[in-house]
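Here is the structure we will look at.
The values are calculated or read from the model by the stated rules, or taken from the named source; none is laboratory data. From a predicted model like this one, the values you see are computed outputs, not experimental measurements. Here the Cβ is made from the backbone with ideal geometry for all residues, glycine too, and neighbour counts use every protein chain on show.
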Amino acid sequence: MDSRKSAKQEMERKRNCFTLSCFVCNSSFEIDEYGSFYYCKKCGGVLEIKIAKPDDLLSSENEIGSRASGKTTSRLHSSSRGVWKYSDLIPIWQETNIVSMPEGDTPLVECRNLARVLGVKSLYVKFEGLNPTGSFKDRGMTVGVSKANELGFKRLICASTGNTSASLAAYSARANLKCIVLIPKGKIALGKVAQAVAYGAEIFQVEGNFDECLRMATEIAEQGREILLLNSVNPFRIEGQKTATFEITEQLGFVPDNVILPVGNGGNISSLWKGFKEINQFAFLENVKGIEQRERMPRMIGIQAEGASPIARAFRLGAKSIEPEIEPHTDASAINIGSPINWAKALAAI
Ligand SMILES: [Zn+2]
């Protein structure tokens, strides 16, 4: 077969496998229209990427399908590590649009002493600080910026308390795209912003907290299809961050009982939950016990600071929605968020 023709067919096959859906009302939208809107056009709910045709994704032409159908041919997985090892499950149509440093493939460190102190059988820490800009955000940004590239955006924007700005600035620089960062005045970790400065981002200090920065960034992005918003409301970031679960499960050889992580905007806990669901749905990981025989999901434990805990409070009260905090306050600046945009996904995960 003509290789150009087969690449085009492959692109079409992949494009047909994914859809952009509303997490709340389930309405579907075209993925290629993303960026002209950020929330559901019908109900205003947060959006997510869904695998619309799992059977096609499992076609025997690709790696996951090969495993499912018992064949041993290898394709995408063989040449990549980290996030892009799992590119079959990531909605980027063309490999040439990928912007990577690379990222992911981080160690899972067993903490024996801490496990003993806490009285648990085993305890592991996923060392996400080893990503290119020093945080898990790079997993999401490699996919988010690749999609921005694929959609033809030249300018990207985010609101940030630190790590997000470092990551977006780095990936924007890598892709030769312009990066705009809005930070809450006096409420961020300066060491983290140093990276954004070094990577040439345009940085604006906003009088207000993170929630106000995000509102402003969203308004700017919504004004026309010129600037793409890259905060965790962007569902492509979630698609990158979910790969941490594939790595954790492969490193352990089983799905863990509990996963504990800090919760700010709720994007990461939602991503990991989505990742574990896909592990169960596709059973595509090698040398992992139990996932093909039964549904095996970990308990997701989210941690919030007392002064910024709308999700923890809603969970405790058994509420169906959160009550935003107008003036959140905690020394943990990265999770000082009173109005988490991914609260619906995070509550569902927990
Ligand atoms: Zn909706």
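Exactly one residue among I341, I311 is part of a loop (DSSP other than H, G, I, E, B), buried (at least 20 other Cβ atoms within 10 Å of the Cβ) and within 19 Å of the chain's Cα centre (by Cα), and that residue is I341.
Within the stretch 49-68, the presence of at least one residue that is assigned to a loop (DSSP other than H, G, I, E, B) and modelled with pLDDT of 70 or more is confirmed.
Within the stretch 19-46, the residues that satisfy the criterion of being within 9 Å of the ligand (Cβ to nearest atom), over 17 Å from K277 (Cα atoms) and not polar (S, T, N, Q) are C22, V24, C25, Y39, C40, K41, K42, C43, G44, G45, V46.
Taken over the stretch 128-175, the criterion of being in contact with a Phe, Trp or Tyr (Cβ under 7 Å, 6 or more places away or on another chain), of a type in the set (G, A, S) and within 18 Å of N265 (Cβ to Cβ) is satisfied by G144, A159. In this structure, does A217 turn out to be touching a Cys at 6+ places or on another chain (Cβ under 7 Å), part of a helix (DSSP H, G or I) and at pLDDT 95 or above? In short, yes.
Just to be sure before I move on: is K185 over 22 Å from T133 (Cβ atoms) and of a type in the set (K, R) in the structure I sent? Yes.
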